[in-house]
Each structure stands twice: as structure tokens, then as C-alpha cells.
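A.B. asks: The structure follows.
The values are calculated or read from the model by the stated rules, or taken from the named source; none is laboratory data. Since this is a predicted model, take the numbers as computed values, not measurements. Methodologically, a virtual Cβ is constructed for each residue, glycine included, from the backbone with ideal geometry; neighbour enumeration extends over all protein chains shown. Surface accessibility is based on the protein's heavy atoms, side chains included, excluding ligands, DNA and RNA. Shrake-Rupley method; radii C 1.70, N 1.55, O 1.52, S 1.80 Å.
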Amino acid sequence: MAGAGGSIGSAVSRALAEEYEVVALVGRRDQLPETEPGLSLSWRSCEPFSRQDVETAISGCNYIIYLVHTRVPTARMDQAECADMDLLIADNVARAASRQGVKQIIYLGGILQEGNISLKHLERRNEVVEALSFYGTPVTVLRAGLVVAPGSSTVRLLANIATRLPIVLVPRWASNKRKQPIALTDVIRAMRFCLANEETKNKDYDIGGPKVLTYRELLQAAADVLKKKQTIITVPFLPARLYGWYLRFLDRHAHPALIRLAVEYLGHDSVVQNNPVQEFIQAGTVPPREVIDPYIRKWTQLPPNPRQPFAEKYIAALRSRSSVRSIQRIVLPLGRNATWVAETYFQWLPRFTSLLVICEVDAAGNCRYYNRFPRLLLLTLSFQPERSSPDRRMYFVTGGFLARGHADLNPRFEFRDVLNGRYTIVALHDFKPVLPWGLYFVTQAIAHLIVMRNFQKYIAAVAAGPSPDTG
């Protein structure tokens, strides 16, 4: 169970442990819960951005249920788009699944009507599925809209939209969009149906509950469940960006990526098309309100996230470790690979930063950054040939004034091809700055982001035509 740390993943792990031996993967050791008697359930910590760690964690498993969505921080500072982090993790899991002989991967993703979204959004939506399928392991895709689960961040966001203020604002472009929420119990039934089912391999299925509601009706239902009398007003002019800020105000604990996803989701119909899995669960589908009602009667509020105590420890651990993760996606020129990108980067960098930084690469491929005046070793990147290949270049951060070690961290700089060489992901993992955090945030962090953004532009210019002048 990849992504067992969330409210959905933890519940699915326990449900399936009644009939399978389940290995539940969480990101850090401090997220590991106590043993659970009576269930064939074991918990393992796994660094999802480490290819080796992922392969070790899934060893001995026949099936993988993939619920990873990076909607929570992975470091004290994440300089990365969630889509890029999701793509890198999916590539790690897919490669490990192929090497370990996994028979099937079941992926739970979001449902959108393809005719209503842009080609860019459609491509991004399918990237994780494409990455999971790339190395040959059969993938079954289940697509759901709003999954109603105790402690779900999405359900809590919906409740806050519906009840935080006595007047609820709804943009006209979202008011009548149709949604089909589904209870977590029905998602689990769909997974049970698909597990080890040859007929469902390499196929996509939409799944939903018994009722189709407009967004306005969904908000009214949430207010009714929480016994709130609300006035819902449709606003004719409320742009998506402004509505996102409004949602952020209503739920300040929600991750920004969740807010962006919610706004994108609200702008489209999300209604299930009939299919064999939907037909299977339809006979006994549970109205989503029945899932929440017992908790409302008991606590007169939405139920807490069962993983909340571990989430709090996790966030505290991230802050104490003060690590950085920076991930950028580069569109590869035709016929190039990660090795070429890495070599180009170390040639381009000293030209781009010629007034400030010197970059030297020795015969073994190790790289050293020096401050120009005075000459001071800033960073040492040690090339790791045993972990590298034409489509991957790995460097460990092993020294320099701007880096320091940590017992639980493995700072590294990686160039990795994904999606059959369509992109190269350039990633800095587990970097722990020497500078005080506030100073790092406004100096080194910004400098690194500026460098990577300009390198992306340089590679794009190379792909478009003759090699440009970096000046």
C-alpha cells in the first residue's frame, strides 16, 4: 500500500488486511504506528524519492495499491510542483515493481470529463498512469471524484466552504457542475474487485456513488449534515484564482496544492460513465452522508483524521531536520538524455554565474563550486558511477561551506529521464543548509531557483534551434 499515511490509505490498508497480507508504506520512521493485533498488517518506512529504498520496501509484494499524492510537505522547503514530485515517485515505484515481479498496480486517481479540460491538464492527469505502466507491470486505474472518508482533507475543505461563514459564495462557473461523491467503503469494494482480476488489468474505470449532485447541492448537503443554516449565493464574476484565495481563507490548514486541485475539479462535470466495476459496486453503494452521519452524531463535527497524531509528528520532524527538496522538469531535446543534460548543466553554470561562482569538474566527474572572491569551496558534488546510467546521473553532496550532513539525510543531486526520455527531472534531495533558515530562504534558496529556471529556458532554446548565447 503505497501512500498508506493518509486517511484513505490507512483505512484501505486495514480493510484489505482482513484477507491479504498488507505492507503499508509511510514516508518516515516517525510515522510508523503501533502494531495492530488481529490484522495481517505490517508498516514499513520508505523514502519515496529513493529508487533503492522503494525497491527494498516492496520486496516480496505481489500487488501494489498506489495512493501517493504529494499534497503534504516532503521537506521543510519544497521548491517543486506536486505534478513533478508525483511523476518522480511513480517512476521509482514502477521501476521497482518491474524488478520485483509485481503482478498488478492499482492506482486511485481523480475523475474529469475529458471533453471539458485542456490538453495540458489531460496530459498531466495521465502522466502518473503512463509512468506506472512504463516498465511493463499491468496497471488498473480507478478514477473517483470526491471520496467521502473520515478525516479526509477534501471533505474537511468542503465542510469549511459550506459552514465557516453564514453566507456561502459560489462562482457561476462552478455552481451547476455535476459531481458524484463516493463513500470510501465503495472504493474499497472496487479495489477488492480489481485485485488479481485479469479482466481489469491495463484498463481505466470511473467509480462513483449513487447520487449525482451539483456543486451548489453538495455545499447545501454538507451544511445540512453539520446542521448549519446557510445562505448560498451564486456570484457571476468570481475568477478561479480569486476563488482559490477565498477557499484558502476558509481553510488555512489545507495544502495549497489541494486548493488548486479543488478549484480545477469544481470547474468540470465529474460524472461516472457506466463500466463493469461501477456495475459491481452499484448494487450496494452507500450514500456518502451515511458515512459521515455517525461521526456527526457522536462529535457534532466532522471526524478527525485518524492519522493526525502521526501527521503532527511528521511536520515537527521536517522542521527539526530543516531539509530542502528542489525538483524541476526539463523538456528534453530530441535524441538527448540525462547524461547530456548533466554535462550541459556543468558547462553552462560557470558561464551563467561567471561573476560570482566557479564550477570545476574533474576527470572522475566530481564537481566543485567555488566562490570567486575570495576563493572558497562552496559545494562538492561527488559523482556516483554505480548509481548512474545514460538516463540517470547521480551526485552526492559530500562537502563545502554551504552544506552539512545529517544522520537521517542523504543529500544528493540527480538528473533522471522519465516517460521514455520526454523529460529530465533535475532534483536536489535532502539538502540541509548551513545558513540560518531565514537567511537561506532569502539568499541561497532564491539563487538556486533562479539558476534552475534559467537553465530550463536555456535547454528550451537549445531544443528550439542552434545553441544560444547564454549571456
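A.B. asks: Which whole-number value in Å² is the accessible area per residue of the chain, probe 1.4 Å? Working shown, then result.
C.D. replies: On the way: 21940 Å² over 471 residues.
For the chain, the solvent-accessible area averages 47 Å² per residue.
A.B. asks: Working from Cα positions, state the angle (0 to 90°, nearest 10) between the long axis of helix 7-16 and the longest principal axis of the chain.
C.D. replies: For helix 7-16, the angle is close to 70 degrees.
A.B. asks: How far is helix 215-225 tilted, in degrees, relative to the longest principal axis of the Cα atoms in the chain, given as a value from 0 to 90 rounded to the nearest 10?
C.D. replies: 70
A.B. asks: Further, regarding this structure: Using the C-alpha atoms of the range 119-217, what convex hull volume per residue, in cubic angstrom, is computed?
C.D. replies: 137
A.B. asks: Just to check I understand the Karplus step: with θ = phi - 60° and J = 6.51 cos²θ - 1.76 cosθ + 1.60, what whole-Hz values come out for the range 155-171, glycine and proline as x?
C.D. replies: Going residue by residue, I get 5, 5, 4, 4, 5, 5, 4, 7, 10, 5, 10, x, 10, 9, 8, 10, x Hz, with x marking Gly and Pro.
A.B. asks: Pop out the ³J(HN,Hα) list for the range 256-268 in order, Karplus 6.51 cos²θ - 1.76 cosθ + 1.60 with θ = phi - 60°, rounded to Hz; leave Gly and Pro as x.
C.D. replies: Computed from phi, the couplings for the range 256-268 are x, 5, 5, 4, 4, 5, 5, 4, 4, 5, 5, x, 9 Hz.
A.B. asks: Hey, another quick one. Size of the dipole of the chain about the Cα centre, Lys and Arg at +1 and Asp and Glu at -1 on the beta carbon, nothing else charged, in debye to 20? All intermediate terms of the calculation are to be shown ahead of the outcome.
C.D. replies: Numbers: 57 positive and 42 negative charges, 295 e Å.
About 1420 debye.
A.B. asks: Could I ask something else about it? Using mean Cβ contacts within 10 Å as the protection proxy, how do 320-328, 221-229 order, highest first?
C.D. replies: Working: 320-328: 18.9, 221-229: 15.4.
Result, highest mean first: 320-328, 221-229.
A.B. asks: If amide H atoms are built 1.01 Å from N in the plane of the peptide, which residues on other chains or at least 5 residues away come under 5 Å of the amide H of TYR423?
C.D. replies: Excluding prolines and chain starts, which carry no amide H, the hits are LEU332, VAL418.
A.B. asks: Using amide H atoms built 1.01 Å from N in the peptide plane, name the residues 5+ places from ILE232, or on other chains, whose amide H lies under 5 Å from its own.
C.D. replies: VAL168
A.B. asks: Name the long-range amide H neighbours of GLY109: under 5 Å, sequence gap of 5 or more, or other chain; modelled H, no Pro or chain starts.
C.D. replies: Result for GLY109 returns LEU142, ARG143, ALA144.
A.B. asks: Okay, next question. How much of the accessible area of the range 169-212, probe 1.4 Å, is carbon plus sulfur, in whole percent?
C.D. replies: Values: 890 of 1910 Å².
Accessible surface attributable to carbon and sulfur in the range 169-212 totals 47 percent.
A.B. asks: Also: Cα gyration tensor of the range 312-416, axes a ≥ b ≥ c as square roots of the eigenvalues: rounded (a/c below 1.5), prolate (a/b > b/c) or oblate?
C.D. replies: Numbers: a/c = 1.81, a/b = 1.21, b/c = 1.49.
Judged from the Cα gyration tensor, the range 312-416 comes out oblate (a/c at least 1.5, b/c at or above a/b).
A.B. asks: How big is the Rg/Rh ratio for the range 183-253, C-alpha atoms only, Rh by Kirkwood, two decimals?
C.D. replies: Details: Rg = 18.1 Å, Rh = 16.0 Å.
Taking Rg over the Kirkwood Rh, I get 1.13.
A.B. asks: To continue, here is another question. Nearest 10 degrees, 0 to 90: what angle lies between the long axis of helix 444-464 and the longest principal axis of the chain (Cα atoms)?
C.D. replies: The helix 444-464 is inclined about 90 degrees to the chain.
A.B. asks: Provide, for q = 0.14 Å⁻¹, the log10 of I(q)/I(0) from a solvent-free Debye sum over equal Cα point scatterers in the chain.
C.D. replies: Values returned for q = 0.14 Å⁻¹ are -1.44.
A.B. asks: On the accessible surface of the range 334-420, probed at 1.4 Å, how many percent belong to carbon and sulfur atoms? Mind dumping the intermediate values first?
C.D. replies: Details: 2480 of 4450 Å².
That fraction is 56 percent.
A.B. asks: Whole-Hz ³J(HN,Hα) for each residue in the range 418-434, computed from phi via Karplus 6.51 cos²θ - 1.76 cosθ + 1.60 with θ = phi - 60°, x for glycine and proline: what do you get?
C.D. replies: 9, 6, 6, x, 5, 9, 10, 8, 9, 10, 10, 10, 6, 7, 10, x, 7
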